[in-house]
Amino acid sequence: GIGIIYISHRMDEIDAIADRVTILRDGAHVATREKSDLDREQMIALMVGRSLEKEFPSRESVAGEVRLSVRNLTRGSWVKDVSFDLRSGEIVGLTGLVGAGRTETARLIFGADRKDSGSIDLDGKRLDLGSPRDGIRNGICLLTEDRKGQGLVLGQTVQENFGLPNLRDFTENFLISSSRESEAFAGYVDKMRIKISSHSQSAGTLSGGNQQKVVLAKWLQRNAEVIIFDEPTRGIDVGAKFEIYQLIHGLAQQGKAILMISSELPEILGMSDRIIVMNEGRVTGEIDDCANANQEDVMKLATQREEMVA
């Protein structure tokens, strides 16, 4: 007999749980409807203020040469003998259940953790990654799962966050040129439609989608060639999700190599050219034909036991 208010961005959860739906946009009440009177597309249209024909944007995939080659990557019990290739212009989805080793693999590729064994090659060059600085210098960037705790310094301004990994671009005679930094950041604000009141706005006051865009802007300024997105749309509303998807597609079209980690199977299926599935630290399978795959195909691989893989 208890009334429950359930707050979520996830359409599948709303479909499964709700009796009535109240939709807010930009702090204002938009609509309250019986769930039986709303389908998924209608809910999305009310949330974003416009009609979206598709939840995921369309893109013609043109995969190029291998940029990143990972072989037998191992670290403790978290990552075990992981191998895969990542090509220019390609979006590879990396998924699995909690504890599968996805984030741990990304951290090894970025240099945030030290591998026990295995190799990472970029454009045919063997990398020795001892820290994130090494990853950044080699053109690898990571948009972390926890953007508030690891991707941004929330107490600093959005411009300062943008400039942190790019100080060399804005330094003259050992002094940071705020005007050059501001000019570069303004270009990304316009291009990526980042909603801020000013360049001095605190990063902690932005919405999740705009925080993610600031993180992405700082890595684009570094001209990273391999971009790892770890849960890129977690905690982001549907409208901002579509914009993030468009940005990811745009990067792939520029020839960037994209590794996208996600727990949301519709997102993995809707965005990926190939899907790599992990369980208990190992790669348990790969799906090449994403257009004809479904969530059950992914889950079968995600629950495959280690002894079956061996």
Exercise. Provide Rg over Rh for the stretch 174-310; use the alpha carbon set for both Rg and the Kirkwood Rh (inverse mean inverse pair distance).
Key: 1.06
Exercise. Report the extension gain between residue 34 and residue 55 in nm, rounded to one decimal, defined as 0.36 nm multiplied by the number of residues separating them, less their alpha carbon distance.
Key: 5.3 nm
Quiz prompt | Per-pair calculated FRET efficiency, R0 = 30 Å: residue 77 and residue 288 via Cβ, rounded to 0.05 | solution = 0.55
Quiz item: Along the charge dipole of the chain, which of 200, 76, 229 sits closest to the positive end, that is, farthest toward it, with unit charges on the beta carbon of Lys, Arg, Asp and Glu (+1, +1, -1, -1)?
Solution: 200
Exercise. Binning at 5 Å from 0, report for the stretch 81-157 what percent of all alpha-carbon pair distances ends up in each bin.
Key: 3, 12, 22, 26, 20, 11, 4, 2, 0
Self-check item: Stretch gain in nm, segment residue 126-residue 197, where the contour uses 0.36 nm per residue and the Cα spacing is subtracted
Solution: 21.2 nm
Quiz item: Taking a 20 Å limit on the Cα-Cα distance, which of the listed pairs 148/241; 148/256; 80/115 fall beyond it?
Solution: 148/256
Quiz item: So for the stretch 1-66, Kirkwood radius off the Cα pairs, Stokes-Einstein at 25 °C and 0.890 mPa s: how many µm² s⁻¹?
Solution: 175
Quiz prompt | Between the stretch 72-116 and the stretch 11-33, the Cα center-to-center distance that results, in Å | solution = 36
Quiz prompt | Accessible-area composition of the chain, carbon plus sulfur, in percent [1.4 Å probe] | solution = 47
Self-check item: Alpha-carbon spread of the stretch 211-279, three principal axes, descending order, Å
Solution: 33, 25, 21
Practice problem: Quantify how much of the Cα-Cα distance distribution of the stretch 89-232 extends past 17 Å, in percent. | Solution: 63
Quiz item: Where a ≥ b ≥ c are the square roots of the eigenvalues of the C-alpha gyration tensor, would you call the stretch 173-240 rounded, which needs a/c under 1.5, or, failing that, prolate if a/b is larger than b/c, or oblate?
Solution: oblate
Quiz item: Hey, rough spin-label estimate for residue 134 and residue 172, points 7 angstrom out along Cα→Cβ, what's it come to in nanometres?
Solution: 3.6
Exercise. First measure r as the distance between the Cβ atoms of residue 116 and residue 5, then evaluate 1/(1 + (r/R0)^6) with R0 = 51 Å and state the FRET efficiency to the nearest 0.05.
Key: 0.60
Practice problem: Throw me the Rg/Rh for the chain, computed over C-alpha atoms with Kirkwood Rh, two decimals. | Solution: 0.98
Quiz item: Where does the Debye-calculated log10 I(q)/I(0) of the stretch 39-137 sit at q = 0.18, 0.19 Å⁻¹, using only Cα point scatterers of equal weight, no solvent?
Solution: -0.86, -0.92
Self-check item: Top positive-direction residue, dipole computed over the stretch 105-191 with Cβ charges, set 161, 144, 184
Solution: 144
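The values are calculated or read from the model by the stated rules, or taken from the named source; none is laboratory data. Predicted, not measured: the structure shown is a model, and the values here were computed from it. Here Cβ is always computed from backbone atoms with ideal geometry, including for glycine, and neighbour counts include all displayed protein chains. Surface accessibility is based on the protein's heavy atoms, side chains included, excluding ligands, DNA and RNA. Shrake-Rupley method; radii C 1.70, N 1.55, O 1.52, S 1.80 Å.
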